[in-house]
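K.L.:
Pasting in a structure now, in structure tokens, and then I'll have a few things to ask.
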Amino acid sequence: MIPRYQAVLFIVLLVASVVMGVALWQLRERAHQRLLAGQDSAPTQAPEVAQAEQATLLVANDADGSLLTQVQSLPLPQDPGARARAVLGKLLDLYAAPDATHPIPGGANSIAQVFLMPVPGPDSSSSPDSAAKSPQSTGPELAVINLTGAFAATHPSGLETETLTVLSICGTLHANLPRVTQVRFLVDGQPRSTLAGHADLTRTYLTTDSVPSEGVHP
Amino acid sequence: MRWSKPVLKWALAALAAAGQLAAAQQAPPAPAAPAVRFVVVLDAAHGGGDPGGRLSDGQAEKALTLALSVRLRSLLAARGIQVVTTRESDASVDQDRRAEIANHARAQACLSLHASDTGSANSSGAHLFVSSLAPAGPVRFAAWKTAQASWVTRSVALAGTLNSALLHAGMTVTLARIALPAIDSMTCPAVAIEITPESAKSAGSGQQSTGALDDPDYQARVAEALAAALLEWRTESWRTEAGHTEARP
């Protein structure tokens, strides 16, 4: 026969174990919720988890000073800004390859940010205020591309090579984001007079100036 | 009868004037006035604190463009062409000042000289650039940043003449449009020329030069071709001017 005090002790310990188990389960659930909440607040969606899509790149060719259309399959996020950055990153990766037709060191990391905003103009519907109210604007957009200082510092200097770089970036943006009609450039977040001594970075480029039909000169 | 001195002077002056008038009426028609002035502006890009591109032999682009400008100026002066340069030494000249010099010269041709040895091995010879501004009609007051718009058509024609001469000299040439502040503000037929090293294939085709940018023979060949093109351009300009003069009532 089990003594009474031992039975009471056993029951108390059993109840304590169950309570502790429930408490641990709840703590685990809370930690899991916090983890999920942290993932949701990440600033960008990783392109690797996005679905692969066809992207049209306008690849510069130094041999004849032309822009050639090239279709590549790569993961593209849905957010237009991240999408623009992914496409331009792929373009600059091609230029950083050893057998590039337009060799530029740096690769995808040379694009720091791409900002998309409505084209400023007299039309009030395209003002920044209205853009803030409706982020999914349908009018023409201005892309502001922030290049890294390292990219500008290592870019080859020359009228043709710099012009081809600028035009291929503008053309590639327009081919994948047709609403982008104008492009401006920053380097390390600051305006800069030229890319590497020649191509003017103070002006706004029109993407229509750089879209060839099939391998034509810029 | 005795003539007073003032009256005698007046009489002699009147006789002399009558004689000149008669001689002018009997003389054959005077030959046509000398052709209009022809001025070329040579803009050696970069200079001073702006070295431009760094060439493979360590030379700065600014030095090579200045050397080419000096060489070309001598050739043009020897052919009787008036030349205005934007810089004669390693001085810093900003883009607006270059355009100001060109516009004050009221030139018939403006060449912005550049050099580069970057890019792929196949990118060789000369690259000719005309402003990417859309052509516009003549205006009385042009906006500074788009002043070239009224001259784009003539600039394209000048690029064609330069292209022919460089091809004739055995060089590879590409033509393109560009947004370049220095030429976008010029009120003259303006072309930016980028000289690159010549490929081994082109350089070896019966030419003595190695095709390297620092090769004096190659520089001389480029300068000769540009001088020949500008002579041809002068002839075309005079022909065009003569056509306009004849068309006037």
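Since every read-out is calculated from the coordinates, none of them should be taken as a lab result. Because the structure is predicted, anything quoted here is derived from the model rather than measured. Glycine gets a Cβ as well: all are built from the backbone with ideal geometry, and neighbour counts include every protein chain shown.
K.L.:
Starting with the fewest neighbours, write out A:TRP25, B:TRP151, B:TRP238 ranked by other beta-carbon atoms found within 10 Å of each beta-carbon.
P.N.:
By the 10 Å Cβ count, ascending: A:TRP25, B:TRP238, B:TRP151.
K.L.:
In which sequence would A:PHE115, B:PHE141, B:PHE129 go, from the one with the fewest C-beta neighbours within 10 Å to the one with the most?
P.N.:
Exposure proxy ranking, most exposed first: B:PHE141, A:PHE115, B:PHE129.
K.L.:
Against the empirical 2.2 N^0.38 Å scaling, what ratio does the C-alpha Rg of region B:39-246 come to?
P.N.:
So the Cα radius of gyration is 0.98 times the expected 2.2 N^0.38 Å.
K.L.:
For a bin width of 10 Å, list the pair-distance distribution of region A:47-210 built from all Cα-Cα distances, rounded to whole %.
P.N.:
11, 40, 36, 12, 1
K.L.:
Taking H as built 1.01 Å from N, whose amide H comes closer than 5 Å to the amide H of B:GLN82, not counting residues under 5 places away?
P.N.:
Excluding prolines and chain starts, which carry no amide H, the hits are B:PHE38, B:VAL40.
K.L.:
Near the amide H of B:ALA179, under 5 Å away, which other amide H atoms are found, from residues 5 or more places off or on another chain, if H is placed in the peptide plane?
P.N.:
Excluding prolines and chain starts, which carry no amide H, the hits are B:SER132.
K.L.:
Just subtract the alpha-carbon distance of B:ARG239 and B:ASP50 from 0.36 nm times their residue separation and send over the number in nm, one decimal. Could you put the intermediate results ahead of the total?
P.N.:
On the way: separation 189, 0.36 × 189 = 68.04 nm, distance 3.99 nm.
Difference between extended and current length: 64.1 nm.
K.L.:
Given labels modelled 7 Å from the Cα in the Cβ direction, how far is it in nm from B:GLU100 to A:VAL144?
P.N.:
The modelled label-to-label distance comes out at 3.2 nm.
K.L.:
Mind jotting down the distance between the C-alpha centroids of region B:93-167 and region B:52-82, whole Å?
P.N.:
17
K.L.:
Still on this structure: Under a 5 Å amide H to amide H cut-off, with H placed in plane at 1.01 Å, what residues pair with A:LEU186 once short-range neighbours are removed?
P.N.:
Under 5 Å from the amide H of A:LEU186: A:ILE145, A:ASN146, A:LEU147.
K.L.:
Still on this structure, I have one more. Using the basic label-point model (7 angstrom from Cα toward the beta carbon), what is the A:MET117 to B:ALA136 distance in nanometres?
P.N.:
Those two pseudo-labels are separated by 2.6 nm.
K.L.:
Moving on. Rank the residues B:CYS188, A:CYS170, B:CYS110 as a footprinting-exposure proxy: fewest other Cβ atoms within 10 Å of their Cβ go first.
P.N.:
B:CYS188, A:CYS170, B:CYS110
K.L.:
So, one more: ³J(HN,Hα) across region A:67-83 via Karplus (A = 6.51, B = -1.76, C = 1.60, θ = phi - 60°), whole Hz, x for Gly/Pro?
P.N.:
Couplings: 10, 10, 7, 9, 9, 10, 9, 8, x, 10, x, 7, 5, x, x, 5, 5 Hz.
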